[in-house]
Amino acid sequence: MKKWILLLFILLVIVIGGVCFFVPRSFQITETTSLAVNNKAFARNILEERNWKKWWPTKIELKKDGSADVLVFNNKTYSIIEKKLTSAVVAITTNSDTVLSELFFLPLSPDSINLQWAARVSTTANPIDKLQTFFKTNALKKDLHAIIESMQQHYAVETNLYELPIQKDKVQDSTLISTFTITQGYPATGIIYQLVDQLNAYAQKNGAKQSGIPMLNINTADSISYRTQVALPINKKLKDSGNIAYRWMLGGGNILVTEVKGGPYNINKAFVEMEKYVQDFQRTAPAIPFQSLVTDRRKEPDTSKWITRVYWPVM
């Protein structure tokens, strides 16, 4: 019996000695992958912590006071504590222990990035602490792999980089008549539809039929004077007359489109996201962007119920 106890003691000493000698005082974790995404759009998107909940692999939890969302995965809490040009410093907290990590997104080309999540976990000289840290580090590495995999699946869909789903389409309505007016202040719905009615009357007078939904573009340089331009798709070419002009878009040309529910705030937000897309992908616009008035706003005064398609012609 004494021999067995001695052998176990010797074995324990060897194990402890091996842990002390071979197991390091700190552990480096690195998870790396590449993403086929526009690097400008990705950097802008990933540095907004509110966007993380869109691809986080588990259900987002609320703080105990219900004040904010918390990113939790396998009992670890993740939060961005510093934003840099090509990385984000992320604190990973388990109970009272916090590990600082850094998520790097380095451009490989305009449409691809190298994604690397790195962390260093330190421990003490105590062999038991070393072993515990070793197992915790392996668990954290698996977690980071799962989180990056979820991120990769989300951003594989290009339009997830933007606040609204932006689709690529072809120009359908290419024959148009157009008119405009200048107002002091944002144009009222009545003014917009006065222009639509003028175009409809001119089309009917000249034997043309409306072939699509009315189009609208509102522009201002100073938030005081607004230029409101309305266009009406018709089935044949008409001559210019006074303030009414013939307009043409390249049929089958490329155009970006998204659909919006809500009033001017939501519509303007869609134009902002469209402009980001155009700049990110270095596209040029052969014609002005416009709204397509799906909902007749005269019949539906509640702006929250308006349906509007936003179009941006591109080359």
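The values are calculated or read from the model by the stated rules, or taken from the named source; none is laboratory data. Since this is a predicted model, take the numbers as computed values, not measurements. Methodologically, a virtual Cβ is constructed for each residue, glycine included, from the backbone with ideal geometry; neighbour enumeration extends over all protein chains shown. Ligands, DNA and RNA are stripped out before the accessible areas are found, and what is left, the full protein with its side chains, is counted by its heavy atoms. Shrake-Rupley method; radii C 1.70, N 1.55, O 1.52, S 1.80 Å.
Structure above, values below:
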item	result
Calculated log₁₀ intensity ratio I(q)/I(0) where the Debye formula runs over C-alpha points of the chain, q = 0.08, 0.10, 0.13 Å⁻¹	-0.56, -0.75, -1.00
For the chain, calculated [θ]222 nm from helices alone, where every DSSP H run of n ≥ 4 adds -39500 (n - 2.57)	-10000 deg cm²/dmol
Cα extents of the range 116-199 along the three principal axes, largest first (Å)	85, 33, 16
Members of K209/K239; K84/K136; K53/K142; K269/K299; K261/K299; K168/K299 lying beyond 21 Å, as alpha-carbon distances in this model show	K84/K136; K269/K299; K168/K299
Cα-only radius of gyration and Dmax that characterise the range 154-227, units Å	17.1, 52
Contact order normalised by residue count of the range 258-315, Cα under 8 Å, 6+ apart, percent	51 percent
Whole-number percent relative contact order across the range 163-286, with pairs defined as alpha carbons under 8 Å at least 6 apart	38 percent
Max mean-square fluctuation residue, GNM over the chain, Cα-Cα springs under 10 Å, options G253, G263, G242	G242
Under DSSP loop assignment and at most 15 Cβ neighbours within 10 Å, longest trypsin sites (Lys or Arg not before Pro)-free interval of the chain	85-208
DSSP-loop chymotrypsin sites (Phe, Trp or Tyr not before Pro) across the range 252-315, with at most 15 other Cβ within 10 angstrom	F281
Modelled FRET efficiency - R0 30 Å, Q167 with N75, Cβ distances, 0.05 increments	0.15
Formal net charge of residues neighbouring P214 (Cβ-Cβ distance under 15 Å; K, R +1; D, E -1)	+2
Cα-centre dipole for the range 156-299 with unit charges at Cβ (Lys and Arg positive, Asp and Glu negative), debye to 20	560 debye
Vicinal HN-Hα couplings computed from phi for the range 85-96 (Karplus, 6.51 cos²θ - 1.76 cosθ + 1.60; Hz; Gly/Pro x)	5, 10, 6, 9, 7, 10, 8, 10, 10, 10, 6, 9
The chain, relative contact order [Cα under 8 Å, separation at least 6], %	16 percent
With all protein chains modelled, accessible area of E102 [1.4 Å, Å²]	40 Å²
Protein-only accessible surface order, largest first, of H154, H145 at 1.4 Å	H145, H154
Selection from P187, T159, N138, by position along the positive dipole direction of the chain (Cβ)	N138
